1. Taking only Cα atoms, what is the 0 to 90° angle, nearest 10, from helix 100-111's long axis to the longest principal axis of the chain?
2. Checking the a/c ratio against 1.5 first, then a/b against b/c, what shape does the Cα gyration tensor give for segment 5-164?
3. Compute the relative contact order of the chain as a whole-number percentage, counting only Cα pairs closer than 8 Å that sit 6 or more residues apart in sequence.
4. At 222 nm, what helix-only mean residue ellipticity would the chain give, in deg cm²/dmol to the nearest 500, using -39500 (n - 2.57) for each DSSP H run of four or more?
5. Order of 96, 109 from fewest to most other C-beta atoms within 10 Å?
6. Which value, in Å to one decimal place, does the Kirkwood hydrodynamic radius take for the chain when every pair of different Cα atoms is included?
7. Hey, what did segment 170-291 get for relative contact order, percent, Cα under 8 Å, at least 6 apart?
8. Would you please state the base-10 log of I(q)/I(0) at q = 0.12, 0.17, 0.18 1/Å for segment 111-187, with intensities from the Debye formula using one equal scatterer on every alpha carbon?
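Values quoted throughout were computed directly from the atomic coordinates according to the rules given, and no laboratory measurement underlies them. Since the structure is predicted, the reported quantities are computational estimates derived from the model, not experimental observations. Neighbour counts run over all protein chains shown; Cβ positions are idealised from the backbone, glycine included.
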């Protein structure tokens, strides 16, 4: 596997730790990002530097991308000096969250250049990316899945969602909506309990021992809210983007999502109060402000 040439575009919060794991696995890696400092760190691990997505795709047979928005993914994949202009690339693996319509558009456009697209969004946050414990949701032709699986196994647990473009994206969007809904309702419940006089750690202990357990009570709230560090590693702006994408797809399919719409509204208010770059665990601060209480600080676990 070390002889196979691979590329990685997008070395941000998620992309850098994923690319780092691939470099540390001894893969023949070429990288590109607009942030030279992140590129320098990968070069120090043995990666080669490229000056554009097209340059990556002219040096690598399989190109991975981890990018912030659907527009950026389309530009990197299909624009001037994009992956589609590369001379060597055969497979484009998109690890971003873009929504199924963008995934289908990219797949259809790349196919004209004999490049196969793998729709493979990830879940698990920056910590999961660093530890190699992400959930990866792939959709692509089965033969291509079998080819990229040994590489993606370095990043976490790979789950095959089907062959049609966009199925991985749909799975990611509904997964994120469930996760964000759990965070929102767990935050408002925590604030209510604190106002009533309950100890927040006791509340989490009860939630996690009973039917209320979820990803927020088990991880996000104890790790980033009780110590009041608000540093879980995912921004409010990106959370809102993912929720909007999910609701837009649901609307296009004729599927009502009233609960998801309420979560989108709360995230909009969180962004208005604390900004796009605020950690999404700041959502609890909105409920604190409304309730006139603050969840007391506890040492970081």
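1. Compared with the principal axis, the helix lies near 10 degrees.
2. Details: a/c = 1.43, a/b = 1.09, b/c = 1.31.
Since a/c stays below 1.5, the shape of segment 5-164 is classed as rounded.
3. Numbers: 580 pairs, mean separation 40.0, N = 301.
Answer for the chain is 13 percent.
4. On the way: 12 runs with 149 residues, N = 301.
It comes out at -15500 deg cm²/dmol, rounded to the nearest 500.
5. Values: 96 27, 109 16.
So the residues, fewest neighbours to most, are 109, 96.
6. Values: mean 1/r = 0.0499 Å⁻¹.
Taking the inverse mean of 1/r over all distinct Cα pairs, the chain comes out at 20.0 Å.
7. Reported relative contact order: 35 percent.
8. Log-scaled intensity ratios, in q order: -0.37, -0.68, -0.75.
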